[in-house]
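Worksheet for the structure shown next.
Here, each number is a calculation from the coordinates, and none is a lab measurement. As the structure is a computational prediction, the values presented were derived from the model and not from experiment. Here the Cβ positions follow ideal geometry from the backbone for every residue, glycine too, while neighbour counts run over all protein chains shown.
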Amino acid sequence: MSAILIDGKTVSAAVNAETARKCAELTQKYGCRPGLAVVLVGDDPASQVYVASKVKKCAEVGIESEKIVLPPTASQKEVLEVIDRLNGDSRIHGILVQSPPPPQIDEEKIILAIDPRKDVDCFHPFNAGKMLQGDMTGFLPCTPWGVMKLLEYYKISLAGKKAVVLGRSNIVGKPMMCMLSCKGVDATVTLCHSRTANLEEELKRADLIVAAIGKPEFVRGSMVKEGAVVIDVGINRIPDATRPKGYRLTGDVAFDEVAPKASVITPVPGGVGPMTIAMLMRNTLRGMERMMNR
Ligand code: GUN
């Protein structure tokens, strides 16, 4: 079988084009643009790249962005002061603090300090809880939502299908489980993780695998059923002296082994990656719409 390759660049471009249109409508209606604040604490190179991409995408779709960079030595109090200021700023409809912060910062306290009405990551327990209860109309976690958009775009029906989510993070695995099993999507979901017994057998039963464990090329060809749909959320940097940057990006799936068995597969990069930012833009619009309709 030769797999259909999911093109995240094309799908995200379609989502972003619609976002730009909706953004122009909101701006016209309310006389101000949606606003997103992106907070970066520290100087992690990967986080710097992600934050720059988010700010750039805002400009492309017509969202006002404010980037706040705090030094690696910033205290918890300093970060909380920034959050308080942004919570009170009526031009800001979404607040994102890039993860992971430096070790002196308690991320949970930061998440709790963000006004749930501006929580575009959907990390706050209020929003995560709403989603768990089946409300898909509010903020949704960007990466799992991006995966759902990809599946929808490629008309992959999941009703009654067996899905295996690999990884139990709050950012991807747990919300992914929730979205795949919600009413209307109707997959039967198994959440696997590092302590799962007989992981290979679990994976082999799956009609859909979503890999989000952060281990390069963990899912091998032998672990995948013929015809499975394979979505790779992993972005791992592997040292590679032949590349100009000294590393290459690889997912959590051994693409060359798995692609010949899969019916549909995402590449890394160019699969799920571009969708995360596209859905962040969507959440920012939702933030503004909700704030204006209160
Ligand atoms: N770091 C990696 N992914 C994300 C994300 O979706 N949101 C935030 N805030 N930080 C991240």
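Before anything else, pin down the relative contact order of region 59-210: Cα pairs under 8 Å, at least 6 apart, normalised by residue count, whole percent. If you can, show how the numbers build up before the last one.
Values: 180 pairs, mean separation 24.8, N = 152.
RCO, region 59-210: 16 percent.
Given the pairs Lys130/Lys174; Lys9/Lys57; Lys162/Lys204; Lys161/Lys215, which are separated by over 18 angstrom at their Cα positions? List each step's numbers first, then the result.
Values: Lys130/Lys174 14 Å; Lys9/Lys57 13 Å; Lys162/Lys204 10 Å; Lys161/Lys215 25 Å.
In this structure, Lys161/Lys215 lie more than 18 Å apart at Cα.
Taking 1 over the mean of 1/r across every pair of different Cα atoms in region 1-125, what Kirkwood radius in Å do you get? Don't skip to the answer; put the middle values down first.
Values: mean 1/r = 0.0630 Å⁻¹.
Value: 15.9 Å, from the Cα pair sum.
Using a 10 angstrom cutoff on alpha carbons, build the Gaussian network for the chain and name the most mobile of Leu166, Leu36, Leu249.
In the Gaussian network model the winner is Leu249.
Arrange the peptides 278-284, 6-12, 128-134, 266-272 so that the one whose residues have, on average, the most other Cβ atoms within 10 Å appears first.
The most tightly packed comes first, giving 278-284, 266-272, 6-12, 128-134.
Kindly provide the GluC sites (Glu not before Pro) of region 206-284 that DSSP labels as loop, not H, G, I, E or B, and whose Cβ sees at most 16 other Cβ atoms within 10 Å. It would help to have the intermediate numbers written out before the result.
On the way: sites: Glu217, Glu226, Glu257; in loops: Glu217, Glu226.
Taking region 206-284 and a limit of 16 other Cβ atoms within 10 Å, the loop GluC sites (Glu not before Pro) found are Glu226.
Please give me, ordered by residue number, the chymotrypsin sites (Phe, Trp or Tyr not before Pro) of region 83-158 that lie in loop per DSSP and have at most 16 other Cβ atoms within 10 Å. Walk me through the numbers on the way to the answer.
Details: sites: Phe123, Phe126, Phe139, Trp145, Tyr153, Tyr154; in loops: Phe123, Phe139, Tyr154.
When the chymotrypsin sites (Phe, Trp or Tyr not before Pro) of region 83-158 are filtered for loop state and at most 16 Cβ neighbours within 10 Å, Tyr154 remain.
Explain nothing, just the number: relative contact order of the chain, from Cα pairs under 8 Å at least 6 residues apart, as a whole percent.
Once normalised by length, the contact order is 23 percent.
What share of Cα pairs, in percent, lie more than 16 angstrom apart in region 230-294? Provide the component values of the computation, followed by the final result.
Numbers: 1274 of 2080 pairs.
In whole percent, the share of Cα-Cα pairs in region 230-294 beyond 16 Å is 61.
Using 7 Å Cα-to-Cβ label points, what is the Leu80/Gln133 separation (nm, one decimal)?
Label at Leu80, label at Gln133, 2.8 nm between them.
Where in the chain are the DSSP H helices whose C-alpha atoms run 15 Å or more along the long axis and whose mean Kyte hydropathy is at least -1.0?
Details: long enough: 8-30 (32 Å, -0.48); 45-61 (25 Å, 0.09); 76-87 (16 Å, -0.45); 142-153 (16 Å, 0.32); 273-292 (30 Å, 0.05).
For the chain, where a helix must reach 15 Å along its axis and average at least -1.0, the hits are 8-30, 45-61, 76-87, 142-153, 273-292.
Given springs between every Cα pair under 10 Å in a Gaussian network model of the chain, which of Ala259, Ala206, Ala52 has the largest fluctuation?
Residue with maximal mean-square fluctuation among Ala259, Ala206, Ala52: Ala52.
Highest GNM mean-square fluctuation, the chain, Cα pairs closer than 10 Å: which of Cys142, Cys122, Cys178?
Of the options given, Cys178 has the highest mean-square fluctuation.
Hey, what D do you get for the chain in µm²/s if you plug the Kirkwood alpha-carbon radius into Stokes-Einstein at 25 °C and 0.890 mPa s?
Details: Rh = 19.8 Å.
In µm²/s, the coefficient rounds to 124.
Output the antiparallel fraction of DSSP beta bridges having both residues in the chain, as a percent to the nearest 5. Write out the running numbers ahead of the final one.
Numbers: 4 of 34 bridges.
If we restrict to bridges inside the chain, about 10 percent are antiparallel.
Excluding Val219 itself, calculate the net charge of residues whose Cβ lies under 15 Å from the Cβ of Val219, where each Lys or Arg counts +1 and each Asp or Glu counts -1. Spell out each step's value before the answer.
Working: positive: Lys204, Arg205, Lys215, Arg220, Lys225, Lys261; negative: Glu200, Glu201, Glu202, Asp207, Glu217, Glu226, Asp232, Asp252, Asp256, Glu257.
So the environment of Val219 carries a net charge of -4.
Considering all projection directions equally, how large on average is the shadow of the alpha-carbon convex hull of region 90-161, in square nanometres?
Seen from a random direction, the Cα hull of region 90-161 projects 6.7 nm² on average.
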